[in-house]
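The values are calculated or read from the model by the stated rules, or taken from the named source; none is laboratory data. Source: prediction; values computed, not measured. In this analysis, Cβ positions are derived from the backbone assuming ideal geometry, glycine residues included, and neighbour counts consider all displayed protein chains.
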Amino acid sequence: MIIDTHAHLYYENLISDIDNILQRAFESGVTKIIVPAVDLRTSETILKLADSYEMIYAAVGFHPCDVKDKDLTDLKFLEDFIHQDKTVAIGEIGLDYFWDKSYNELQKKFFYAQVELAADNGLPVIIHTRDSIKDAILFLKDMKIINLSGQFHCFSGDEDDLKEVLEFENFYVSFCGNVTYKKFSELDIVRKSPSGKLLAETDSPFLTPEPYRGKQNEPSKVIYSIKKISEVKQIEVEILKAEMYNNTKSLFNKIN
């Protein structure tokens, strides 16, 4: 069994074909999918999907690239969403310094507030860290929240970053389809990531793994990333799949 912990199924080209996408996912061994939001609209859409499809679970929140024109008062709407039965996390939240650095301070305010909201309600966080992982790690260390748990999705840090993340008691990392690319240069980080701290994800519809690179990604393709990780770590695929599944159930403990 596989849980895809990160698939943006609210995109029109995915949601318009959702029944077929979920069927292909199931046939590939995926039994559950966590769909992370980026704002209020996508949070609402995801909760409707979760109500309609047994295998879909929701993460609600504001992505750092989507807070530029927002106000912290918008977070009050999340308080209703997080108490839904199938809301299993707050995410996708974090910091993104790649596209636009003009509102980094606002990103930090949203990150701080959403981390606090997650901790106060016993939910894990799903963290985005494009060109910002060192700041995100320092941010969490400075907050000193004892009961916080979460996932560094699409992990892109160096060995020191990995070591610091693993020092957080209840945090996990995950790698996307780019681990299958010839130019992927962080295989040693994958190798050094303990299997007991690994989760599976696609980041659909992005980062499609080989041999489908260039085409739309979807949860059924997560197996190609898992196979590559198992090869790099020299672990049997079925053993790695089982460990990732158990890790996911441990972190996202609202999943049935």
Among the residues of the range 205-234, which ones are in contact with a Ser or Thr (Cβ under 6 Å, 6 or more places away or on another chain), assigned to a loop (DSSP other than H, G, I, E, B) and in contact (Cβ under 8 Å) with a residue 40 or more places away in the chain? ASN217, GLU218
Residues being aliphatic (A, V, I, L, M), farther than 18 Å from PHE206 by Cβ and assigned to a helix (DSSP H, G or I) - total across the range 33-78: 7
Within the range 34-90, the residues that are of a type in the set (Ser, Thr, Tyr) and either at pLDDT 95 or above or in contact with a helix residue (DSSP H, G or I) (Cβ under 6 Å, 6 or more places away or on another chain) (or both) are THR42, SER43, THR45, SER52, TYR53, TYR57, THR87
LEU117, sole failed condition from (1) assigned to a helix (DSSP H, G or I); (2) out of contact with any strand residue (DSSP E or B) (no Cβ under 8 Å at 6 or more places or on another chain); (3) not polar (S, T, N, Q): (2)
Subset of the range 38-93, residues aromatic (Phe, Trp, Tyr) and in contact (Cβ under 8 Å) with a residue 60 or more places away in the chain, comes to TYR57
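Taking the condition touching a strand residue (DSSP E or B) at 6+ places or on another chain (Cβ under 7 Å), of a type in the set (Lys, Arg) and surrounded by 15 or more Cβ atoms within 10 Å (Cβ to Cβ), does LYS70 pass?
No, not satisfied.
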Please go through (1) in contact (Cβ under 8 Å) with a residue 60 or more places away in the chain; (2) under 16 Å from CYS154 (Cα atoms); (3) surrounded by fewer than 22 Cβ atoms within 10 Å (Cβ to Cβ); (4) not small (Gly, Ala, Ser) for TYR245 and return the number of the only condition it doesn't satisfy. (2)
Those residues of the range 187-204 that are touching a Phe, Trp or Tyr at 6+ places or on another chain (Cβ under 8 Å) and part of a loop (DSSP other than H, G, I, E, B) come to a total of 2
Select from the range 121-142 the residues that are surrounded by fewer than 23 Cβ atoms within 10 Å (Cβ to Cβ), at negative phi and not in a helix (DSSP H, G or I) and list them in ascending order. ASN121, ARG130
Please go through (1) over 27 Å from LYS221 (Cβ atoms); (2) not in a helix (DSSP H, G or I) for PHE98 and return the number of the only condition it doesn't satisfy. (1)
Filter the range 79-88 down to the residues that are touching a strand residue (DSSP E or B) at 6+ places or on another chain (Cβ under 6 Å) and not in a loop (DSSP other than H, G, I, E, B), then identify the one that is surrounded by the fewest Cβ atoms within 10 Å (Cβ to Cβ). PHE81
Determine whether the range 168-184 contains at least one residue that is part of a helix (DSSP H, G or I), free of Cβ contacts under 8 Å to residues at least 60 places away in the same chain, under 20 Å from ARG130 (Cα atoms) and not polar (S, T, N, Q). yes
Can you list residue pairs whose Cβ atoms sit under 6 Å apart, with the first residue in the range 5-21 being closer than 14 Å to LEU207 by Cα and the second being in a loop (DSSP other than H, G, I, E, B) and among the hydroxyl-bearing types (Ser, Thr, Tyr)? Count only pairs 6 or more apart in sequence or on different chains. ALA7/THR202
For LYS144: the one exception among (1) touching a helix residue (DSSP H, G or I) at 6+ places or on another chain (Cβ under 9 Å); (2) modelled with pLDDT under 95: (1)
